[in-house]
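Just so it is clear, none of the values below were taken in a lab; they were calculated from the coordinates. Everything numeric here is computed off the predicted structure, so don't read it as measured data. So basically every Cβ, Gly included, is an ideal-geometry build from the backbone, and we count neighbours across all protein chains shown.
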Amino acid sequence: MDSTAQQTCGDSDFDVFSKLCPSRGTLEDVTGRWGSLTIGALQEGGTLRFNELRRRVEGVSEKMLSQTLHALERDGLVSRQAQPTNPPRVDYELTPLGQDIAERLLALIDLVEGRMPEVLTARERYDETRGGR
């Protein structure tokens, strides 16, 4: 670990609970709405072009997808390959590190989707006792 990380995370390990630790930024990149959906789409779809990703991740703006991809590429989770074609073609895919993270992220997504009936019941109960949202 470099000296900057040691200064911000403690003596030996990274700690996402430390506000200055760089692991917190990576966790935010991965677990933010657009980061998690982008990683999930790339895990399911393999190599995708920008517009293919944008269609898969409904609701993301071009600007937000671009920022998300840059952050994930900087973290080493996504690779970007520009093809020398006319018009230019850019492909995105998960790196081995990104694939490892995606597997765990998709397990969480599957768990959330599978437990949604319970979540919806809990929301109804909450809203009834608290007078709505």
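Stretching residue 82 away from residue 17 to a fully extended chain increases their span by 19.7 nm, per 0.36 nm per residue minus the current alpha-carbon distance.
Summing Lys, Arg as +1 and Asp, Glu as -1, what charge do residues with Cβ under 13 Å from the Cβ of residue 27 carry, residue 27 excluded? Residues close to residue 27 contribute a combined charge of -1.
Normalising the Debye intensity of the chain to I(0), with uniform scatterers on Cα atoms only, and taking log10 at q = 0.10, 0.13, 0.16 Å⁻¹ returns -0.46, -0.70, -0.91. Okay, which of region 82-105 sit inside 16 Å, backbone N to the point 7 Å along the Cα-Cβ direction of residue 49? Backbone N within reach: 82-93. Rounded to the nearest angstrom and listed largest first, the equivalent-ellipsoid semi-axes of region 34-112 from its Cα gyration tensor are 21, 14, 11.
Between amide H atoms placed 1.01 Å from N, distances below 5 Å from residue 78 occur with 73, 95, all of them 5 or more places distant or on a separate chain.
Stretching residue 121 away from residue 90 to a fully extended chain increases their span by 6.8 nm, per 0.36 nm per residue minus the current alpha-carbon distance.
Mean Kyte-Doolittle hydropathy of 1.6 or higher plus an axial Cα length of 15 Å or more: which whole DSSP H helices in the chain meet both? Helices meeting the criterion: none. If you wrap region 19-64's Cα atoms in a convex hull and average its projection over all directions, what's the area in nm²? Quarter of the Cα hull surface area: 3.7 nm².
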